[in-house]
Amino acid sequence: MTYYTPRFGDAVVATPPKPGTTWMQAILALLFSGYPLVAANPSINAPWFDTKFDDMNQIVGHLEAKFGRRHVKTHTSLDGMPIWDELRYITVYRHPVGAHFSARMQGSGEPLRRAAARIKFP
């Protein structure tokens with residue numbers, strides 16, 4: 001099995017599920033590339049190590065082929081992963097009610113505009 005080898009300046013987006021992980025990955029793609037029309041493609045450019053859906057050898061091979069700063073995502077909390085001085089760790093949190101309804105809507109298949117119309121935040 002191939003393992004991820006961190007490089008100086010890489011970033012880990014370590015978030016619980018549903019707080020805005022993809023949003024943060026898109027921001028990092030923009031910041032790291034410096035190109036305003038960058039194709040963020042988070043699932044390809046910033047792989048998720050916690051998943052069992054993808055082949056880890058392919059994920060790590062794709063990362064190793066990249067030049068410059070890279071970013072990856074995890075839903076493992078910071079106390080459950082190694083901390084390397086070379087990396088930057090970014091966490092994103094969201095109000096628990098918003099995260100709950102986001103997860104429910106994702107699993108329901110209900111169109112988002114109808115579901116969003118029913119949510120009232122204080």
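The values are calculated or read from the model by the stated rules, or taken from the named source; none is laboratory data. Not measured: the values here are computed from a predicted model. Positions of Cβ are generated from backbone atoms using ideal geometry, with glycine treated the same way; all protein chains shown enter the neighbour counts.
Observations on the structure shown:
- Residue among H75, H62, H71 that is under 20 Å from Y3 (Cβ atoms) and at pLDDT below 85: H62
- Filter result (of a type outside the set (V, I, T), part of a loop (DSSP other than H, G, I, E, B), within 14 Å of V72 (Cβ to Cβ) and at pLDDT 85 or above) within segment 1-32: P6, R7, G9, D10
- Reported count of residues in segment 33-76, each being in a loop (DSSP other than H, G, I, E, B) and out of contact with any strand residue (DSSP E or B) (no Cβ under 6 Å at 6 or more places or on another chain), is 20.
- The set of residues in segment 82-108 that are over 11 Å from V13 (Cα atoms), of a type in the set (A, V, I, L, M), within 18 Å of the chain's Cα centre (by Cα) and not in a loop (DSSP other than H, G, I, E, B) comprises A99, A103.
- Scanning segment 38-59 for residues that are closer than 11 Å to Y3 by Cα and surrounded by fewer than 13 Cβ atoms within 10 Å (Cβ to Cβ) yields a count of 2.
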